[in-house]
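**Q** Below you will find the structure I want to go over with you.
Derivation of every value follows stated rules applied to the coordinates shown; laboratory data play no part. The shown structure was predicted, so the numbers you read here are calculated from the model rather than taken from an experiment. Every residue, glycine among them, receives a Cβ derived from its backbone with ideal geometry; neighbour counts consider all protein chains shown.
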Amino acid sequence: VHVIDMVLLPPSAPSPPPPPPTIASVASGVEMLSTLVAAVSASPPILAAATDPTTAVTVLAPTNDAFAAALSMLGLTAEQLLADTQLLTTILSYHISTTVFTADAASTTPLSLPTLLPYGDITVQMVDMSVKVNDATVILADVAAGPSIVHVIDMVLLPPSAPSPPPPPPTIASVASGVEMLSTLVAAVSASPPILAAATDPTTAVTVLAPTNDAFAAALSMLGLTAEQLLADTQLLTTILSYHISTTVFTADAASTTPLSLPTLLPYGDITVQMVDMSVKVNDATVILADVAAGPSIVHVIDMV
C-alpha cells in the first residue's frame, strides 16, 4: 500500500467510434437529395438496404429538381408517389445497380448493368465528356457510402414496363373451349369433376376423342335424354367421357389398315383405331379433325359419341 496526497481523477472515456457510413447517412447530408431521402424512407425494402453499412451497390441519386420534373410528367404529387409503395419501390430499384462502379468505368461503348429490378438493366456510357446513365447525366460522381458508390444524376430513370406474364400452359379444357363445335363437350367435361380435373391439368398426357355438338345431339336423341338430364347424371356422364379418353397418346398416323386396340380411362372399355377408306376410324366414329395439340395431350375431333 502506498499512501498518496491526491485523488487520481481518471481520464475521460474515449468517444465511441462514429457509426460506419451508409447510403442513407451520406444522402441525408446532401440538401439536393432530400426528396430521394424521403422516398427511400417510404420504401421498407430500399430503406433496409440503404441503412445497412454492408450494402455494396451503386446508387443513381436523382436531385430534387429531377424528382419534381418526373412527378410533373407522371401527373403525381410527391405525397401520392410516397404513398404508392409498389410504384415507389419499383422506381427506386431501377436506380440501384448491383454492380459497384465508378465513373471511370464509362466509355464510349455502352455498358449494360443490372439493377435491383429483375427486368430492368441500365446503360452507362461516356457521351460528350459526360457520364450518361440511360438519358440522365451524372452531375456528381463517385460519392463513397461505405462499400457503395453514389452518383448524383439530373433525371429520374423511369423503369421499363414489367414483362407480360407467360400465358398459362395449354390444357385439354382450354383448347376445347376455343372450338365452337365442341361446346357441348366442354359443358359435359365441366359437369364431371374427375374428368374436369384431368382436362384442366397441363401435365395430363392422354388422347381425347372429342365428339362435335352434332354428335352429342344425335347421341342424346338415341338415348332419349336431354342435355340437361345427361349433365345431371354425373355417373353416366363420367362413364361416357372416360370412354373418350385413351391413356395412350397417339396421333392419326398411328392408324393403319390393321385394327389397333387402345386402353381408355374406362377399365373395361378399349377402343379400336383403324384406317378405313383413307379415314381414321375410332370404333364406328370418323376423325374429322386430327392431331390438335393440348399440352402433352392430343385431341381428335370425331363425328359420333
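**Q** Roughly how far apart, in whole Å, are the Cα centres of region 287-305 and region 83-121?
**A** Going from one Cα centre to the other spans 49 Å.
**Q** While we're looking at this one, here's another question. Starting from the exponent 0.38 and prefactor 2.2 Å, build the expected Rg for region 130-178 from its residue count and divide its actual Cα Rg by it.
**A** Numbers: Rg = 22.0 Å, N = 49, 2.2 N^0.38 = 9.7 Å.
Working it through for region 130-178, the quotient is 2.28.
**Q** If packing is taken as the average number of other Cβ atoms within 10 Å across a peptide's residues, how do 248-259, 166-177 rank, most packed first?
**A** Values: 248-259: 13.2, 166-177: 15.9.
My ranking of the peptides, most packed first, is 166-177, 248-259.
**Q** Same structure again: Once phi is turned into θ = phi - 60°, what whole-Hz ³J(HN,Hα) does the Karplus curve with 6.51, -1.76 and 1.60 give for every residue of region 144-160, x standing for Gly and Pro?
**A** Ordered by residue, 3J(HN,Hα) equals 6, 9, x, x, 9, 10, 10, 10, 7, 10, 9, 8, 6, 7, 7, x, x Hz.
**Q** Taking other Cβ within 10 Å of each residue's Cβ, how do Met222, Met6 sort, fewest first?
**A** Details: Met222 9, Met6 5.
Sorted ascending by nearby Cβ count, the order is Met6, Met222.
**Q** Next question, about the same structure. Compute the acute angle (0 to 90°) between the alpha-carbon long axis of helix 213-223 and the principal axis of greatest extent of the alpha-carbon atoms of the chain; round to the nearest 10°.
**A** Orientation of helix 213-223: about 50 degrees from the principal axis.
**Q** Whose amide H sits under 5 Å from the amide H of Thr286, counting only residues 5 or more places off or on another chain, with H placed in the peptide plane?
**A** The answer is Asp303, Met304.
**Q** Further, regarding this structure: Which far-off residues, 5 or more places away or on another chain, put their amide H under 5 Å from the one on Ala210, with H placed in the peptide plane?
**A** His300, Val301, Ile302
**Q** Describe numerically, in nm with one decimal, the distance between label points set 7 Å from Cα along Cα→Cβ at Ala48 and at Asp284.
**A** 6.8
**Q** Run the quick spin-label model on Ser15 and Ala144: label points 7 Å from Cα toward the beta carbon, then report their separation in nm to one decimal.
**A** 1.9
**Q** Further question: Where both residues lie in the chain, what percent of DSSP beta bridges are antiparallel, nearest 5? Numbers along the way, then the final one.
**A** Values: 34 of 44 bridges.
So the antiparallel bridges in the chain amount to around 75 percent.
**Q** Could you give the spread of the C-alpha atoms of region 23-153 along their three principal axes, from largest to smallest, in whole angstroms?
**A** Answer, in whole Å and largest first: 39, 34, 30 Å.
**Q** Could I ask something else about it? For Leu76 and Thr200 in one chain, what is 0.36 nm times their gap in residues minus the Cα-Cα distance, to one decimal in nm? Don't skip to the answer; put the middle values down first.
**A** Values: separation 124, 0.36 × 124 = 44.64 nm, distance 4.31 nm.
That pair, Leu76 and Thr200, stretches by 40.3 nm at full extension.
**Q** Want the number for Thr102 to Ser41: 0.36 nm per residue separation, take away the alpha-carbon distance, what's left? Write out the running numbers ahead of the final one.
**A** Details: separation 61, 0.36 × 61 = 21.96 nm, distance 2.52 nm.
Residue separation times 0.36 nm, minus the Cα-Cα distance, leaves 19.4 nm.
**Q** Let me understand region 76-220 better: what is its radius of gyration from the alpha carbons, and its Dmax, in angstrom?
**A** When restricted to the Cα atoms of region 76-220, Rg and Dmax are 27.1, 81 Å.
**Q** So if R0 is 30 Å, what FRET efficiency would Thr226 and Asp303 give, r being the distance between their Cβ atoms, rounded to the nearest 0.05? The partial results should precede the final answer.
**A** On the way: r = 21 Å, r/R0 = 0.70.
Given R0 = 30 Å and the Cβ-Cβ separation, E is 0.90.
**Q** Between Ser183, Thr238, Asn213, whose Cα lies farthest towards the positive end of the dipole of the chain when Lys and Arg beta carbons carry +1 and Asp and Glu beta carbons carry -1, centred on the Cα centre?
**A** Comparing the listed Cα positions along the dipole, Thr238 ranks first.
**Q** Above 17 Å lies some portion of the pair distances; for region 172-302, what is it as a whole percent of all C-alpha pairs? Can you show the working numbers first?
**A** On the way: 4752 of 8515 pairs.
Cα-Cα pairs in region 172-302 separated by more than 17 Å: 56 percent.
**Q** Roughly how big is region 23-153's charge dipole about its Cα centre, with Cβ charges of +1 (Lys, Arg) and -1 (Asp, Glu), in debye to the nearest 20? Present the calculation step by step, with values, prior to reporting the outcome.
**A** Values: 1 positive and 10 negative charges, 27 e Å.
The dipole magnitude comes to about 120 debye.
**Q** Provide the per-residue ³J(HN,Hα) series for region 69-86, in order, calculated from phi with Karplus coefficients 6.51, -1.76, 1.60 and θ = phi - 60°, each as a whole number of Hz, with x at glycine and proline positions.
**A** Going residue by residue, I get 5, 5, 4, 4, 5, 7, x, 10, 8, 4, 5, 5, 5, 5, 7, 8, 4, 5 Hz, with x marking Gly and Pro.
**Q** What label, among (i) 1.81; (ii) 1.38; (iii) 1.11, belongs to Cα Rg over 2.2 N^0.38 Å computed from the structure on display?
**A** It is the one labelled (i).
**Q** Can you compute the modelled spin-label distance between Val127 and Leu236, with each label point 7 Å from Cα toward Cβ, in nm?
**A** 7.4
**Q** Sequence-distant or interchain residues sharing an amide H contact under 5 Å with Ser297, placed H: which?
**A** Correct list: Val206.
**Q** At R0 = 30 Å, how high is the FRET efficiency between Glu180 and Asp270 if r is their beta carbon distance? Nearest 0.05 is fine. The partial results should precede the final answer.
**A** Working: r = 31 Å, r/R0 = 1.02.
Approximately 0.45, to the nearest 0.05.
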